[in-house]
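Worksheet: the structure to be examined is printed underneath.
The values are calculated or read from the model by the stated rules, or taken from the named source; none is laboratory data. Please read all numbers here as calculations on a predicted model, not as lab measurements. Please note: Cβ atoms are built from the backbone with ideal geometry, for glycine as well, and neighbour counts cover all protein chains shown.
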Amino acid sequence: MNSELIDQIGAQFGANGLPYPIPIHPNLVHLTLGLFIIGIAFDIAGALFPLERSILKFLSLTAVRSNFFDVGWYNVLASAIITFFTVATGFYEIMLAEPPTDIRSAWGLQAMETMLWHGVGGVLLLTLIVGMTVWRGFQRFIWRKDTVRQVQWSYLVAGLVILFIMYLHGTLGAHLAGEFEVHNTADRLLRLGEDPNVLLK
């Protein structure tokens, strides 16, 4: 009976093994990455503003230092919020994955090991991003609200370290999609000789 129920549910899934045509997690991943990268980049630009002022003036760009910090704060905050959904959809899509067992990635890991490390990494990054957002909030509203440079250098260094962790974590995700074809619908269909334009409508 259980196997029949699983087969019925599986029949409702699309060619990508999901109950919707396009995986959600990879799209949310790019939102998380983009927002966090922009947040740290603008905070760095704000911290280095005295060095950039002459360049901005030469380019006739009117910029106020506090505006850089505004962009940094709101992007890091948005990244923290969206990452909850990124991790949640990632775990949901991992639970529905049927990875191959006879392939190893460029890092020498099998699909299940890669999914495990990617899942653990997702939770770690969520924790780090939320922690950075809280840290950034304390700097903005309490610790450094009356200072010209709104962020601490240690905060910026921590942000760069997290960007490196994101790179490693993203590489694991790329292995899942590219090498193990986990929910990589079009790639998988092309290898099977099927037409994605027909099956993914």
Residues in the stretch 2-17 that are at negative phi, assigned to a loop (DSSP other than H, G, I, E, B) and either surrounded by fewer than 19 Cβ atoms within 10 Å (Cβ to Cβ) or at pLDDT 90 or above (or both): how many?
-> 4
Could you tell me whether any residue of the stretch 117-133 is more than 15 Å from the chain's Cα centre (by Cα) and either of a type in the set (Phe, Trp, Tyr) or outside any helix (DSSP H, G or I) (or both)?
-> no
Applying the selection to the stretch 18-31, what residues are surrounded by 16 or more Cβ atoms within 10 Å (Cβ to Cβ) and at pLDDT below 90?
-> Leu18, Pro23, Ile24, Pro26
Count - residues of the stretch 32-62 that are among the β-branched types (Val, Ile, Thr), under 19 Å from Val157 (Cα atoms) and at pLDDT below 90 | 0
Do we find that Ile129 is modelled with pLDDT of 95 or more, touching a Phe, Trp or Tyr at 6+ places or on another chain (Cβ under 7 Å) and closer than 17 Å to Thr32 by Cβ in this structure?
-> yes
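Looking at Val148, Val161, Val157, which is the one that is under 20 Å from Leu48 (Cβ atoms), modelled with pLDDT of 80 or more, assigned to a loop (DSSP other than H, G, I, E, B) and among the hydrophobic types (A, V, I, L, M, F, W, C)?
Numbers: Val161 fails: assigned to a loop (DSSP other than H, G, I, E, B); Val157 fails: assigned to a loop (DSSP other than H, G, I, E, B).
Unique residue meeting the criteria: Val148.
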Can you tell me which residue in the stretch 92-133 is surrounded by the most Cβ atoms within 10 Å (Cβ to Cβ), limited to those that are under 15 Å from Leu172 (Cβ atoms) and of a type in the set (D, E, K, R)?
-> Glu93
Of the residues Gly193, Gly178, Gly173, which single one is surrounded by 12 or more Cβ atoms within 10 Å (Cβ to Cβ), modelled with pLDDT under 85 and farther than 30 Å from Asp70 by Cβ?
-> Gly178
